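Just so you know, all these numbers are worked out from the coordinates, no wet-lab data involved. These numbers come from a predicted model, not from an experiment. Methodologically, a virtual Cβ is constructed for each residue, glycine included, from the backbone with ideal geometry; neighbour enumeration extends over all protein chains shown.
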Amino acid sequence: MFTRADKILIISLIVISAASYPALKYLSQGGSFLEVEVEGETMTVVRMDQDQDITVEGRLGTTIIRIDENGARFIKSPCVDKKCIKSAPIEDAGEIAVCVPNRVMIRILGENRVKTDFISR
């Protein structure tokens, strides 16, 4: 079914794709600061280099955000579905996590060496 040229092309594309992932990871540096917004208003901006918990009051109640070596993530929220808690930590500049029912958003501030979007990541 496949010719020798087809097999070479497929293997080459796989190798190029696998090799490009570390390069993209290197070019996307971690952020320096975490911005916490509640209902569109910036509540605080903190450094990402210190492990800490941040407590903010949202529309439904208290939300706790944890910063550690893995990045920043929601660890407690009064929302019903808890999707914000189940999501992965954010760690690279430009990444955002949101607890929509409680109207709390966290954003990593910093400078990306390369602009990437969610599709290319």
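Using a 10 Å cut-off around each Cβ, can you sort 35, 95 from fewest to most neighbouring Cβ atoms?
So the ranking, lowest neighbour count to highest, is 35, 95.
Quick one: order 98, 36 by neighbouring beta-carbon count within 10 Å, fewest to most.
With the sparsest Cβ surroundings first, the list reads 98, 36.
So between residue 42 and residue 98, what do we pick up on full extension, going 0.36 nm a residue minus the alpha carbon distance?
Roughly 18.8 nm would be gained on extension.
Hey, can you grab everything whose amide H is under 5 Å from the amide H of residue 33? Only 5+ residues off in sequence or another chain; H modelled, so Pro and N-termini drop out.
48, 109
Multiply the residue gap between residue 2 and residue 80 by 0.36 nm, knock off their C-alpha separation, and tell me the result in nm, one decimal place. Each step should come with its number before you reach the end.
On the way: separation 78, 0.36 × 78 = 28.08 nm, distance 5.15 nm.
Contour length minus the Cα-Cα distance gives 22.9 nm.
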